[in-house]
Each structure stands twice: as C-alpha cells, then as structure tokens.
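Quick notes on the structure that follows.
The values are calculated or read from the model by the stated rules, or taken from the named source; none is laboratory data. This one's a predicted model, so the numbers in the text were calculated from it and none came from an experiment. Note that we place each Cβ from the backbone using ideal geometry, even for glycine, and neighbour counts take in every protein chain shown.
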Amino acid sequence: MRRGPALATTWRVLIGRPLRAGEAASQEISSVEGLPALSLDALTSVAYGPEAILVVLAGAGAGALHLVLPVTLAIIALLAVLVVSYRQVIDAYPGGGGAYAVSRANLGPGASQLAAASLIVDYTLTVAVSIAAGVGALTSAYPRLTGATVPLCLGTLAVITLLNLRGLGESARAFLLPTTVFIVGLLGVIAVGLIHPLGTQLPQVGRSTVPARGLETVGILLVLKAFAAGCTALTGVEAIANGVPLFKKPRTRTAKRTELLLGVILAVMLAGLAVLVRRFHVGPRSGQTVLSQVMGAAVGRHWAYYLVSITITLVLALAANTSFGGLPILASLLARDDHLPHRFSLRGDRLVFTNGIWVLSLFSAVLLVAVRGNTNALIPMFAIGVFTGFTLSQVGLVVHWWRTRPVGWRRKAAVNGTGAVVTGVSTLIFLVSKFTEGAWVVVVAVPAFIVVFHRIRAYYRRAGTELGLGTVPPRPHRRRTTVVVPVTQVSRLTGQALAEALSLGQEVIAVNVEFDDDELGGSEPAGDAERGQGQSRGGASLEELWARWDPGVELRVLHTDYASVTRPIVDFIDELRRERDDQIVVLIPVVLPADLRYRPLHNQIDLVLSAALRGRDDVVVARVPMGIDAHRGRRRAGRLSADRPG
C-alpha cells in the first residue's frame, strides 16, 4: 500500500483520527467544561469591563470615579436578567442558535437575519479582542515583544483554531486548568483585598490619565455612557444558549447549570473588583490596567500577583474559544435555512463544523492584521453586535410568552421586557458615542451580511426551481456513451486509461494532437504529461507504434496549425456532439507522483483541457490517475545498469 503524502499524514496527526458518529459523546462537554469552552469571553471581560467604566467616568475628573460601584451593581442586575433570560432560551430552543433561533420563531425572518448578522460580527470581534488583549497583556509584562505583536496574535489564533478542529471537547479540556487557576486566583485576590490587603503601600506604576479638571459634568448622560461601556463585561453570556447541542445529555439541564454558574462567578468578580477599585482609589493609569492595579494593591507584587497575571494573559487569549463554540453552530443553522452555503452545515471528520471554524479564523486573522493587534482599535466596535442580539432575544421571548401563555408568563414577559429596554438603550448609546471611533464598521458590516443572506437564499430558490426540487422527475433512460481519451505516447498510463474507458462506454476514441508546423513542435505533443517516459524507439511515429500495439481502440490524429493543444480536441468533441446524441465522456490520463514537489512537472494537458471544458454541461470530464514513485524508478534503473554486463 502506497504511503500517503507527508503533508496529509502530518495534518492527520495534528487534528486526530476521524471519529465515528457513535463517538460524538467524547466531544460533548459537561457543565464545568462549558466554562472554558463557552464562557471564557464573559469571565475574562472583568479584565476590561471595569476599566471601561472608569475611563468614561474619568472624563468628569477624579471626583466621579466613586460611581464605579453603583454603575457596576446596575450591570450585575442586567447580568441577572440576561442569565434568567438565556436559561429560558435554553429551555424553549434546545437546538441552539440563541438570539437567531428566538427571533426566527417569534419575530420573523428580517429580525432573525439581523440577529445572525450581529452575532457573526460579534463572534469575529470577540476572537480578535480576546487574542489582542491577551497578547497586549504579555507585551506589557515583556516590552521587548511589542514588535512581534501581530505574529504572536496570529500564532495564538492558529493554536486555538487547531484545537477546535480537533473537537470542542478537547479544547475545553485543554483550557480547563488555566480557567480554574484564573477563577480561583482572581477570587483569592479579591478575598485578600477585602479582608487584609498586602500591597496598599506600594508606589503606583505609571502616571494617572485622569484630568486634573473634569472635561464633562457628572450627569445622567455620563452615567449612561459609563453603564454602556461597562456592559462589555456581559459579552459572551449568550454563547451557552447558542451552543446547547454541544453539551452532554440531558443537554438543556447541563447548559442551564453552566449558564447559572457563569452568572454567579461573573457577578462576584465584578462586584468584588468594583469594591476594591473604590477602596484603593484606583483610576486609569498609563502602562497599567485597572485590574493590575487592584491585584498589586491586594496581594502585593509577589508570586501570587505574577501567577494570576500570567494566567489572565493566557486566559484572555483563550477567551476566543467562546466564538469557536458558538459561530460554527450558528452558521450551520443559517445554512439549513439557505442563508449561507450548505457546506456550513456539514461536519468534518472530527464531528465539528469545520467550515465555520475556518471562516471564523480567516475573518479574525484579517481583522487582527488590519488593526495590528491593537485592542483599543477594536473596543469601540465590540459589544454592539451582541447587545443587538440581546435586545432581539428579549423581545422575541416577550412575544413567545404572549403566544404560549404558560403559568407565570406575565412575570417572565416583564423580566424580558425590562431586559429588552435596557439592552436596547445600551445599544443606542454604544452606537452614538462610539460611532466615529469605529462603531461605524459594525453599522456597515451588519447590513452587508444581511444582503449576503438574502442573495444566497434567492439563489437557492432559483436553483431549486431549475433542479425541480420537490417534483417527480421523468424516469431516467440509458444513453450510449462515447469516451474520448487524449493520448500522447504508448505507455502504461495510456493502457490504464484505455482499460478504464472500455469499461465505461460503448465506443472509445483515442485522440492525439499533431502540429503541422515544425516550429510549433512537429509531431511532438506539447504539454505532455508522459514526455520522457514513453518516447517512441527507433524514431517510429505514434501511429506506427499504435498499429503495432493494437489495443483495440481507434486512434484519431488531429492536425492543427495553431499552438493550442486543447482547441483541436474541443473542436473534435463539438463534431461528435453534432453527429450523435451519445453521452460524451473525456477521460484524461493523469500522473500522480508520490512526492508533491514533482506534481507541477506533470499533467499540463489535464489543467488546460479541464479548464476549457469546465463550463460545458454536455460533456463529462473525468481523470484516470496513475501513481508513480520517481525514487523507486531511479533505484530500479540503477539496478538494471549494475546488472548489465560492461
């Protein structure tokens, strides 16, 4: 058995062996594994959510920074509403899809497409922001790495992509340890800071960026802007509801448990950090994140500080995994509804939606390169998409409760209605306050995706009509088949191709192109895949060798004054088409060297002839591959030379 190409073998080692359908359970995740798989985006948002609040409040001067605690408590209240809401979504729509599924069922196709487009944008931004933030934390600790920001971002993206191609279960288990260290470590830091801080007397690093005199007045607009900015800490709350099919059975109960666990941990972290920010009088500083200042004041800059800092750096980058769990499932649902190419609904060998993973990775890589791994360039675009999804999901649930009217539906509708109003207002504040800073990109991207959805769906409808989907076609009838085989020399490859052709059709015609002008090559076939392997001996022409071989197949020599090899063959096929109603098959002999580096040296006729016939629907183009091992041929030639007497 011939060994496969080294590249394919290496790839198989990297992503693992193909899994059977019965092994799907090995890739399903538990409640605890759901945290690293689908919740890291939300959990790690504590690294930039509180800071986003302080940056806005700092516009009114140091006297406004104390508002961080009430603003954070309001965000936690909204978090509670969203957790309750998405637990309801999990119950009502266990097939996954989150806001898209809710909107499709209750608000119609327009709203569902808006939700889907918003989520696609948000998922892509989540990957870029998470990786850029993680690499940013690393380059802050090691400034010498700043010049390698983009390569580090792309390398991190490649690792996360590879792990997800192996299966979400494997990535969840791989990320479980750093996630546990991050959660336990940060909760420990908060506990020490609340009970007995160790580093409050340490000198501050960097300079304060809070203006001496406030540029804004403290008012309702400033508080709303701070609230909206801090709501970036809620991104990722929806991912669990989007990925319900990824959980172990009973899936709804497992997913709901993970949603609740996420809500409790995130609420405790946000509240604890807000209290410590106020207690330690922390404000925005150059070269130091708010989280770093809180940790330094709580535990000092000792081993605990550095351990948690390194873990935060790692987990921030790994937070991109949330999108890799959510977007491929969303894309598969869109594909089933004819809004995306159907290939997005197909699973790969590892039972994951491979195409969705690749596209997400590509979009994220382009975005990271475009902004050069700068987190600040991405933040203004961040959260708008997910908050649009939040709002549509809440409104859809209100409609769902009104339609179904189960016990307690009024209370549930009131909770979701309140959530819809708050998230809707937050979305508008995001758009207005961040529009010129980059939010306009989201405003352009979301409608662009919706247009793509419409065009793809319209195409599938037209194609379905042309294909007669849903109708009973006429009974098929057998047609006579004529097989045309382009040949250039008498060789093993030619014999193999003719044998295949004789098994396919009632008539087989071998064709050879001969140039009438010697300057074009005479009778030498240009672009031959076998040149140098089947040269006629003793100067005999191909026709003479053919007659001597007598394979039982007619040889047609096509003479031409042109330099093109394909034109005479295409003209001959057109002539056959005019003469008969047969099914015409063009069977092209193809050489497949064992080493990839030799493949460009062969099969020129295959490339040009296939390209010439690609757009025709009255001809079937097929190939007869023959594998060769150039090294084995060289060794055989060496043995023959050694055995020949001198």
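Looking across segment 356-368, the residues that are buried (at least 21 other Cβ atoms within 10 Å of the Cβ) and either under 22 Å from Gly169 (Cα atoms) or in contact with a Ser or Thr (Cβ under 7 Å, 6 or more places away or on another chain) (or both) come down to Gly356, Ile357, Leu360, Ser361, Ser364, Leu367. Does Leu545 fit the bill of being surrounded by 16 or more Cβ atoms within 10 Å (Cβ to Cβ), at pLDDT 70 or above, part of a strand (DSSP E or B) and assigned by TED's automatic domain parsing to the domain that holds His602? When the stated conditions are applied, Leu545 does not pass them. Elements of the type helices (runs of 4 or more DSSP H) sitting completely within segment 23-120 and holding at least 2 residues that are closer than 18 Å to Ser426 by Cα: these cover 49-57, 68-92.
Looking at Ala501, Ala510, Ala497, which one is part of a strand (DSSP E or B), touching a residue at least 12 places away in the same chain (Cβ under 8 Å) and in contact with a strand residue (DSSP E or B) (Cβ under 7 Å, 6 or more places away or on another chain)?
Numbers: Ala501 fails: part of a strand (DSSP E or B); Ala497 fails: part of a strand (DSSP E or B).
On inspection, the qualifying residue turns out to be Ala510.
Just to be sure before I move on: is Leu340 among the hydrophobic types (A, V, I, L, M, F, W, C) and not in a helix (DSSP H, G or I) in the structure I sent? Yes; evaluated as a whole, the condition is true for this residue.
Going through Leu198, Leu186 one at a time, which residue ends up being touching a residue at least 12 places away in the same chain (Cβ under 8 Å), crowded, with 24+ Cβ neighbours inside 10 Å and under 20 Å from Ala298 (Cα atoms)?
Details: Leu198 fails: crowded, with 24+ Cβ neighbours inside 10 Å.
Being touching a residue at least 12 places away in the same chain (Cβ under 8 Å), crowded, with 24+ Cβ neighbours inside 10 Å and under 20 Å from Ala298 (Cα atoms) holds for just one of Leu198, Leu186, which is Leu186.
Within the set Val407, Val452, Val425, Val421, the sole residue that is over 31 Å from the mean Cα position of the chain (by Cα) and in a helix (DSSP H, G or I) turns out to be Val421. Take the conditions crowded, with 20+ Cβ neighbours inside 10 Å and among the acidic types (Asp, Glu) and apply them to Asp122. Does it pass? It is true that Asp122 is crowded, with 20+ Cβ neighbours inside 10 Å and among the acidic types (Asp, Glu).
Look at Ala622 and say whether it is aliphatic (A, V, I, L, M) and either farther than 17 Å from Gly505 by Cβ or not in a strand (DSSP E or B) (or both). Walk me through how you get there before you give the answer.
Numbers: aliphatic (A, V, I, L, M): yes; either farther than 17 Å from Gly505 by Cβ or not in a strand (DSSP E or B) (or both): no.
Answer is no for this residue.
Do we have Pro589 as closer than 13 Å to Gln489 by Cβ, modelled with pLDDT of 85 or more and in contact with a strand residue (DSSP E or B) (Cβ under 9 Å, 6 or more places away or on another chain) here?
Numbers: closer than 13 Å to Gln489 by Cβ: yes; modelled with pLDDT of 85 or more: yes; in contact with a strand residue (DSSP E or B) (Cβ under 9 Å, 6 or more places away or on another chain): yes.
So Pro589 passes the test.
The set of residues in segment 467-489 that are modelled with pLDDT under 90 and crowded, with 18+ Cβ neighbours inside 10 Å comprises Thr488, Gln489.
Quick grid of which residues meet (1) touching a residue at least 12 places away in the same chain (Cβ under 8 Å); (2) over 20 Å from Ala445 (Cβ atoms); (3) hydroxyl-bearing (Ser, Thr, Tyr):
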residue	(1), (2), (3)
Leu291	yes, yes, no
Thr313	yes, yes, yes
Ala319	yes, yes, no
Thr322	yes, no, yes
Leu327	yes, no, no
Val359	yes, no, no
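Any idea which of (1) modelled with pLDDT of 85 or more; (2) in a loop (DSSP other than H, G, I, E, B) is the one Ala191 doesn't satisfy? For Ala191, the failing item is (2).
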